[in-house]
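The structure appears below as structure tokens.
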Amino acid sequence: MEPIVIIGSGLAGYTLARELRKLDKSVPLVIITADDGRYYSKPLLSNALAQGKTADQLAGALAPAMAEQINAEVLVYSRVEEIDPVACNVRVAQRVIAYSKLVLALGADPVRPQLTGDAVESVMSVNDLTDYARFRERIIDAKHITILGGGLIGCEFANDLSHAGHQVDIVHPAPHPLDRLLPEAAAQDLQRALAEAGVTWHLGHTATAVSHAAAGYAVTLNDGTVITADAVLAAIGLRPRVLLAQAAGIRTARGIQVNRLLETSAAGVYALGDCAEVAGHVLPYVLPLMAQARVLAATLAGTPTEVVYPAMPVIVKTPACPIAVATVAEGMAGSWQVSCVEDGVCVLFQDGQQGLLGFALTGKQAGQRQTLAKQLPPLLL
Ligand SMILES: Cc1cc2nc3c(=O)[nH]c(=O)nc-3n(C[C@H](O)[C@H](O)[C@H](O)COP(=O)(O)OP(=O)(O)OC[C@H]3O[C@@H](n4cnc5c(N)ncnc54)[C@H](O)[C@@H]3O)c2cc1C
């Protein structure tokens with residue numbers, strides 16, 4: 001019997017394997033991963049510098065221990081170069097591995113900023129343990145750090161780095177940070193709190209060049225301002241890894257398109273996690289991938305099960321200004337209203353009948369997220 005093959009050993013791949021083993025202890029399982037296959041929780045990466053944590057301290061079980069735990073073969077440092085959904089196999093270097101079912105848990109790539117200058121290659125991003133180790137080593141003696149992008153990951157790193165004693169500049173094109181997630185009143189609260197923590201904002205600007213300077217780097221902005229920095233971190237977004245699927249003729253859009261069974265346009269090939277676009281939703285967070293892993297495990301174990309998403313608020317790990325946000329789907333009728341401003345703000349998105357569709361909570365108000373989340377309609381019923 002050919003094995004079920006999972007490509008990717010991130011939270012999506014390993015969570016699926018664990019869920020599958022709860023339902024089927026013996027089906028042959030192979031996990032193929034381009035990295036070292038260590039288990040780790042990626043959200044820790046933007047919260048660990050101030051605690052002085054090394055990459056090794058953040059990592060959990062090594063690949064052999066994971067293989068034993070989930071009763072699977074784990075092939076590390078093995079990049080899948082081609083999928084053949086007709087012959088039902090994948091190619092890794094010279095080896096061809098046949099599958100009964102294939103799962104793509106490929107993750108997403110950090111978007112590279114469009115920059116000129118002779119130090120573009122020195123701009124770093126942190127999207128896995130190896131990146132974290134490299135970044136931590138680079139900044140150990142760095143005083144000034146410039147972050148390109150004031151979204152979720154940029155703001156979390158800004159908070160962590162300033163807490164760790166670095167001077168942080170953030171360059172962000174919109175007038176407020178986290179503008180894709182937060183209404184203005186909540187974003188302003190975050191902006192103020194991080195400024196009080198020592199972060200310097202360059203809002204409404206983009207970086208155009210990063211060059212070597214006498215000491216460190218010169219980051220030039222679109223209005224001609226030059227910021228000097230000892231290290232530059234890009235956090236301008238993630239793009240689902242779709243190329244492998246695309247080359248195999250599997251349908252992709254923003255992500256690898258799957259239906260609610262998480263099946264792609266190729267029969268017997270599934271996708272989950274950051275690489276997947278599930279019934280039109282690309283949700284690169286942990287709660288969605290866990291919901292996906294549970295139902296896909298059931299499907300692979302013989303009971304086809306569709307994914308259901310309850311409302312899943314996102315927690316922004318900025319201790320200077322804790323935030324919980326439940327976003328609203330684009331085009332949803334209603335409006336954001338500030339409903340309280342005490343020890344933080346509480347901004348609610350309500351429809352014409354005062355039904356709650358979304359919220360953004362900052363500071364102490366973030367504590368009511370569970371109560372409010374119960375009032376929200378499910379994201380995918
Ligand atoms: C800094 C940071 C902080 C975050 N904080 C939060 C948070 O607080 N809360 C939250 O909900 N979410 C957070 N997220 C998002 C969350 O971590 C991700 O949604 C999740 O970890 C994605 O897991 P994944 O398994 O889909 O992808 P990944 O972890 O990227 O795993 C992809 C895997 O695929 C492998 N791979 C890729 N291509 C190939 C190939 N061709 N052949 C073989 N292997 C391949 C890779 O080696 C890797 O093992 C954060 C993300 C980042 C970057």
Within segment 34-70, track down each residue that is more than 11 Å from the ligand (Cβ to nearest atom), assigned to a loop (DSSP other than H, G, I, E, B) and under 15 Å from GLY13 (Cβ atoms).
GLY60, ALA61, ILE70
Yes or no: segment 239-248 includes at least one residue that is assigned to a strand (DSSP E or B) and surrounded by 20 or more Cβ atoms within 10 Å (Cβ to Cβ).
yes
I need every pair where a residue in segment 96-116 that is free of Cβ contacts under 8 Å to residues at least 60 places away in the same chain has its Cβ under 8 Å from the Cβ of a residue that is within 16 Å of the ligand (Cβ to nearest atom) and open to solvent by 30 Å² or more (accessible area, probe 1.4 Å), sequence separation at least 6 or different chains.
VAL96/ASN89
Pairs only if they're at least six apart or on different chains, beta carbon under 8 angstrom, first in segment 300-325 and more than 16 Å from ARG192 (Cα to Cα), second open to solvent by 40 Å² or more (accessible area, probe 1.4 Å) and hydroxyl-bearing (Ser, Thr, Tyr); list them, first residue then second.
MET312/TYR285; VAL314/TYR285; VAL314/THR327
Tell me yes or no: at least one residue of segment 316-331 is of a type in the set (Ser, Thr, Tyr) and not in a strand (DSSP E or B).
yes
State all residues of segment 279-325 that are within 12 Å of the ligand (Cβ to nearest atom) and within 23 Å of ALA245 (Cα to Cα); if no residue qualifies, say none.
VAL282, LEU283, PRO284, TYR285, VAL286, PRO288, LEU289, MET290, ALA291, GLN292, ALA293
Restricting to segment 21-33, name every residue that is crowded, with 18+ Cβ neighbours inside 10 Å and either over 13 Å from ALA67 (Cα atoms) or away from the ligand (no atom under 16 Å from the Cβ) (or both).
ARG21, VAL27
Can you confirm whether LEU161 is modelled with pLDDT under 95, outside any strand (DSSP E or B) and touching a strand residue (DSSP E or B) at 6+ places or on another chain (Cβ under 7 Å)?
no
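Listed residues ALA301, ALA320; which is open to solvent by less than 60 Å² (accessible area, probe 1.4 Å), touching an Asp or Glu at 6+ places or on another chain (Cβ under 6 Å) and at pLDDT 95 or above?
Result of the check over ALA301, ALA320: ALA301.
The values are calculated or read from the model by the stated rules, or taken from the named source; none is laboratory data. Quick caveat, the model's predicted, so the values are computed rather than measured. For neighbour counting, all protein chains shown are included, and Cβ atoms are generated from backbone atoms with ideal geometry for every residue, glycine included. Protein only, heavy atoms only, side chains kept; ligands, DNA and RNA dropped before computing areas. Shrake-Rupley method; radii C 1.70, N 1.55, O 1.52, S 1.80 Å.
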